[in-house]
Number of protein chains: 2
Amino acid sequence: MTNEDGIGRPAMLRERLGSVGGHMTRRRAAVYRFLRGAWPHPTAEEIYLGVKEELPRISLATVYKNLEALVNCGLAVKVPAGDGAARYDLRTDHHYHSRCLQCGTMIDLEPAAEEILRNMVKAPSGFEVSHYRVEVLGCCEECGKR
Amino acid sequence: MTNEDGIGRPAMLRERLGSVGGHMTRRRAAVYRFLRGAWPHPTAEEIYLGVKEELPRISLATVYKNLEALVNCGLAVKVPAGDGAARYDLRTDHHYHSRCLQCGTMIDLEPAAEEILRNMVKAPSGFEVSHYRVEVLGCCEECGKR
DNA sequence: TCAAAAGCAATAACTGTTGTTGTTTTAATC
DNA sequence: GATTAAAACAACAACAGTTATTGCTTTTGA
């Protein structure tokens, strides 16, 4: 994929981890690499199975811990799916997702203007808005064919 | 609350349940009654504890089953919270919620025009939109004071 | 009143996730 | 390059929220 954009350099991962007091390890690098190479929005389980092909001795708990580390240092985001397993995403710029109610597939949406949201839904008085979450639920193309 | 609007009549519950092949039982009525009388958006656990004061022998699993029955017959909606326990709501007209990231409190938002959403976020091609989900995340008034 | 259908409590089990343990690896310093 | 403290590791155990299973009880509808 994008190996020359800086984001992909191993040094990037090391640097980011270092900035939050984290170490760079072989497993962590593998989780990160998988996240970069895989289809978008894999679940922790899927990441585990993928990384396992390279490092057969890795455990699911370790994958969870490493994903947490990546989220903490800002290299990934965790996207809770409402029902079922959360999904992980390398993109960290703010955007929304569509989610297939049958297979759970998530697809990125173009980032929406928060200004529109702010006007559209009025928060209760005294409520300090941190961010919005928008999801488009429905049936993806694949599932629609069946 | 609204005891004269028809929605609150016991007959309403019986009728709705009957229409989907469900029975009217003392526990089910108690769960429903609690949901009507309680604060908005309680969790299954909270409902369990509340109903338990009236029916001490009820179990959490029964509460879940009864909530499921109420959701199935359209009298309640289940609102997954992303993280933590789902919450239940008697209102069935379509609307959105704000959610406090500290205490989990949910507050109804005025229903937003779906048309705006449709224009704002464009679903991927081939994706058949079932509905939208909008959440305002942040800090509620109570938590903000601390 | 009576049989069939559904609900019930009490579990056990399940999924997704996090905490704990003692051991190994890493990065920073010498 | 050797040393050492901090962190990550595997292998669990445990957790929360939820669902499935069981054999018994209640409700419904005839």
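The values are calculated or read from the model by the stated rules, or taken from the named source; none is laboratory data. Only a predicted model underlies this, so the values are computations on that prediction, with no experimental measurement involved. Note that we place each Cβ from the backbone using ideal geometry, even for glycine, and neighbour counts take in every protein chain shown. These accessible areas exclude ligands, DNA and RNA; they are computed on the full protein's heavy atoms, side chains included. Shrake-Rupley method; radii C 1.70, N 1.55, O 1.52, S 1.80 Å.
Quick rundown of the values:
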{"quantity": "Segment A:48-61, residues that are near DNA strand C (Cβ under 10 Å from one of its atoms) and either within 21 Å of A:MET12 (Cα to Cα) or surrounded by 18 or more Cβ atoms within 10 Å (Cβ to Cβ) (or both)", "calculated": "A:TYR48"}
{"quantity": "Subset tally (residues that are free of Cβ contacts under 8 Å to residues at least 40 places away in the same chain, aliphatic (A, V, I, L, M) and either more than 13 Å from DNA strand D (Cβ to nearest atom) or under 16 Å from B:LYS78 (Cα atoms) (or both)) for segment B:47-59", "calculated": "1"}
{"quantity": "In segment B:13-42, residue farthest from DNA strand D (Cβ to nearest atom) [restricted to those that are at pLDDT 85 or above and not in a helix (DSSP H, G or I)]", "calculated": "B:HIS41"}
{"quantity": "Total residues in segment B:69-100, condition within 13 Å of DNA strand C (Cβ to nearest atom) and β-branched (Val, Ile, Thr)", "calculated": "1"}
{"quantity": "For A:LEU70: the one exception among (1) at the interface with chain B (Cβ under 8 Å from one of its Cβ atoms); (2) surrounded by 15 or more Cβ atoms within 10 Å (Cβ to Cβ)", "calculated": "(1)"}
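So that you can scan it fast, the table gives a plain yes or no per residue for (1) open to solvent by 60 Å² or more (accessible area, probe 1.4 Å); (2) in contact with a Lys or Arg (Cβ under 7 Å, 6 or more places away or on another chain); (3) within 7 Å of chain A (Cβ to nearest Cβ):
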{"site": "B:LEU35", "(1), (2), (3)": "no, no, no"}
{"site": "B:LYS65", "(1), (2), (3)": "yes, no, no"}
{"site": "B:GLY74", "(1), (2), (3)": "no, yes, no"}
{"site": "B:ASP83", "(1), (2), (3)": "yes, no, yes"}
{"site": "B:TYR88", "(1), (2), (3)": "no, yes, no"}
{"site": "B:SER98", "(1), (2), (3)": "no, no, yes"}
{"site": "B:LYS122", "(1), (2), (3)": "yes, no, yes"}
{"site": "B:GLY126", "(1), (2), (3)": "no, no, yes"}
{"site": "B:ARG146", "(1), (2), (3)": "yes, no, no"}
